[in-house]
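What follows is calculated from the coordinates using simple rules that are stated; it is not laboratory data. Note that this is a predicted model, so its numbers are computed, not measured. Cβ coordinates were reconstructed from backbone atoms using ideal geometry, including for glycine residues, and neighbour counts include every protein chain displayed.
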Amino acid sequence: DPNGHGTHIAGVIGNSDVGDDGEWNGIAPNVDFVIARVADENGYANYEDIIEAVQWVVDEKEQHNIRVLNFSMSAEVRSPYWADPVNQSLMAAWGAGITVIVAGGNAGPEALSVGVPGNNPYVITVGAFTDAYTPMDWSDDYIPTFSSAGPTHEGFIKPDVVAPGTWVLSGFS
């Protein structure tokens, strides 16, 4: 992709290499990707392109056995989650049986900083943590200040989970 963020995330998800520790490097090694690119070289996308891409994923669900949709973008909340067009499209994907995983955003650490679509209760929202360069020592792990925090404006506790969000190498970058 022209910005590189989607490619980086795809590498984190699907890296099929085995590390020195004998473990897979990716979260879902050997996954088959179905790509619906929406961002430009600056990482920006408009609502129309995003909604069209999500609809394409829903339409192609059966043909490509799509079970999970990863959405690694975030925007400022401007309306209740149910009125936001991107959230509506992702709720349609959820309604079609697709598990939707989204970024919480990088606007933290203040409360109410989770963006769209992370504010949607129908999706799994992911925040970041860092291992402080000590991957074998969990005692010094922490949430970095950029990671967005809840609750949402509607009172949902978000993010739902945290995952490594700093110093992450990708198999495709």
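Residue by residue through region 142-152, what is 3J(HN,Hα) from phi via Karplus (6.51 cos²θ - 1.76 cosθ + 1.60, θ = phi - 60°)? Round to whole Hz and write x for glycine and proline.
For region 142-152, the Karplus-derived couplings read 7, 7, x, 5, 6, 5, 5, 10, x, x, 7 Hz, x marking Gly and Pro.
In the set (1) 1.09; (2) 0.96; (3) 0.99, which value of Rg/Rh (Cα atoms, Kirkwood Rh) was calculated from the structure you see?
Identified label for the calculated read-out: (2).
Would you kindly calculate the mean projected area, averaged across all directions, of the convex hull enclosing the Cα atoms of region 76-173, in square nanometres? Don't skip to the end; give the middle numbers.
Details: hull surface 29.4 nm².
Here the figure is 7.3 nm², rounded to one decimal.
If you take the beta carbon distance between residue 56 and residue 137 as r and set R0 to 35 Å, what does 1/(1 + (r/R0)^6) give as a FRET efficiency, to the nearest 0.05? Don't jump to the answer; show the numbers that get you there.
Details: r = 43 Å, r/R0 = 1.24.
It comes to 0.20.
Shape verdict for region 79-134, please, from the Cα gyration tensor: rounded (a/c under 1.5), prolate (a/b greater than b/c) or oblate. Present the calculation step by step, with values, prior to reporting the outcome.
Numbers: a/c = 3.93, a/b = 1.64, b/c = 2.39.
It is oblate, given that a/c is not under 1.5 and a/b is not larger than b/c.
How are the Cα pair distances of region 1-73 distributed, in percent, across 5 Å bins from 0?
That works out to 3, 15, 22, 21, 19, 11, 5, 3, 1, in percent per bin.
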